[in-house]
1. Could you compute the net charge surrounding GLU372? Neighbours are other residues with a C-beta less than 12 Å from the C-beta of GLU372; K and R count +1, D and E count -1.
2. What dipole magnitude, in Debye to the nearest 20, does the stretch 309-378 give about its Cα centre under +1 on Lys/Arg Cβ and -1 on Asp/Glu Cβ?
3. So if R0 is 51 Å, what FRET efficiency would ALA218 and ASN138 give, r being the distance between their Cβ atoms, rounded to the nearest 0.05?
4. Can you compute the modelled spin-label distance between LEU65 and GLU240, with each label point 7 Å from Cα toward Cβ, in nm?
5. Could you give each residue of the stretch 76-84 its phi-based ³J(HN,Hα) in whole Hz, using Karplus coefficients 6.51, -1.76, 1.60 with θ = phi - 60°, and x for Gly or Pro?
6. Checking a compactness column here: for the stretch 1-157, what do you get for Rg(Cα) / (2.2 N^0.38 Å), N being the number of residues?
7. Please state, to two decimals, what the Cα-based radius of gyration of the stretch 81-138 comes to when divided by 2.2 N^0.38 Å (N = residues).
8. Going by a ≥ b ≥ c, the root eigenvalues of the Cα gyration tensor, does the stretch 135-180 fall in the rounded group (a/c under 1.5), the prolate group (a/b larger than b/c) or the oblate group?
Amino acid sequence: MNYLDLDLNVNLLKGITEAGYEKCTPVQQKVLEVSLDGKDLYVQSQTGTGKTAAFLITIMQQLLLSNNTEKKALVLVPTRELAVQVEEEAKKLGKYTNLKIGSFYGGVAYESQVELLEKGIDIIIGTPGRIIDLCESNKMDLSNVCYLAVDETDRMFDMGFYPDLRKIVKLLPPSTSRQTMLFSATLNSYVKNLAWEYTIDATEITIESENITVDEIAQELIHVSSNDKIKLLMGIINRENPESLIIFCNTKKMCEVVSKRLEINNIKNEFIIGDLPQVKRLKIMDSFKSGKIKCLIATDVAARGIDVNDLQMVVNYDLPNEAENYVHRIGRTARAGKSGKAYTFCSEQDVYSLLPIERYIEKQIPSKVATEEDFGQDKSQGVYIRLGSEKGNKKTSKERSKQNYKTQNRSKNTKKTNSSRPKRSSSEELERLSSLTADERMKYYKEKYAKQFGVEITQNTQKKEKNSLLGKLKNIFTGRK
């Protein structure tokens, strides 16, 4: 179905056309067939399918048709990044209308947001916390909200926003006097209960997830020692020189370490983590989207809501702890049917995350073993990386030298006395891994490290004991005692 086939406001249609929308995506078609009639709905659809445009076009069309200029719309999102993203999309679509649009989120000053409200606004886009703050301070009035859209509803529950959602809905007109639309990647029981509680005869719409991991993304799993990850990363960047690259790490600390090591190697980059100041976060994202910065390093939480067109490459520096996050990460390179490339590093520390991922995507990721030809020069090798959290604990160069000397000696003694640490995988050992299935690899690692620690895994091992053993092995791989 084309947008020209819909009976939309002329000025709205002009903005839609200029934004590059011609044919409706599956989720847009199914939503608009129901929503333009004013019906409630709850929708399951993955990120990148065009759902944002679906609810924004619905809201704008309804507001433009209404004779009541006092009517407002409220769009609730879980993160600040997503609020900014939805606002940008709304302003593109509504460019030729007279609708006033604004976003409201924490981490920035109230003054500009309050000033925006005083001038009058038709479409409010915001995060629950800031919306509640503005309402409680009598700066925002939701009594005229006749259109409510909640995006990434499942994420709202994950982040603990359910009580805030209930509080906000109580400030709105009753469900009989408003249109409610819920969008979620999964229609779990929480989302369905919310739909049952706050909608009237809502239509359920489910868009089947496309198998983007198989058809649209060139994936490669590379077995590499954890000590050689930076060298491998340098080799990939120098060889392929991607125009845009996101590197995913599992922790904030690792994001900062990788960022600073890349800096030493003259790779301009930025990293975003969950507690980064909002002003700096937005500045970084603007630089990345505009191409001023080609390399971005992020955790899964910080990257939520990032939507970058034509992202060329994703590198999983660490395998994600949750299988579903693997799909979310690499799927960022295949938006709207475009192709992409994803490299995944698998070291002795990552192996426990591999099996659930391959089971989840129902496919063994094409793999190889890193060789010397894959590595690049690492100028940061042997350099101590000082993290931002250490700034309050400054030491003189003499003290640092003394500490480094102790660390080196302790490391030497550890090599002599502590044979319980897993040794660095040899190239022959890694070569063998590339030919094994995921289950065979798991068995290989279990047996290898169980024997090294004087523990034997047998088929008769009780479930409780086996889980305990796996827990110990995970601690060993991650360096915890």
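The values are calculated or read from the model by the stated rules, or taken from the named source; none is laboratory data. Note that the coordinates shown come from a computational prediction; the quantities given were computed from them, not determined experimentally. We place every Cβ from the backbone using ideal geometry, glycine too, and count neighbours over all the protein chains shown. Side chains are part of the model used for accessible areas, which takes the heavy atoms of the whole protein and leaves out ligands, DNA and RNA. Shrake-Rupley method; radii C 1.70, N 1.55, O 1.52, S 1.80 Å.
1. Net local charge, GLU372 excluded: -2.
2. Value, rounded to 20: 500 debye.
3. The computed FRET efficiency comes out at 0.40.
4. Computed distance between label sites LEU65 and GLU240 equals 4.6 nm.
5. 9, 9, x, 10, 5, 4, 5, 4, 5
6. Cα Rg divided by the expected 2.2 N^0.38 Å: 1.01.
7. Cα-based Rg divided by the globular estimate yields 1.10.
8. Judged from the Cα gyration tensor, the stretch 135-180 comes out oblate (a/c at least 1.5, b/c at or above a/b).
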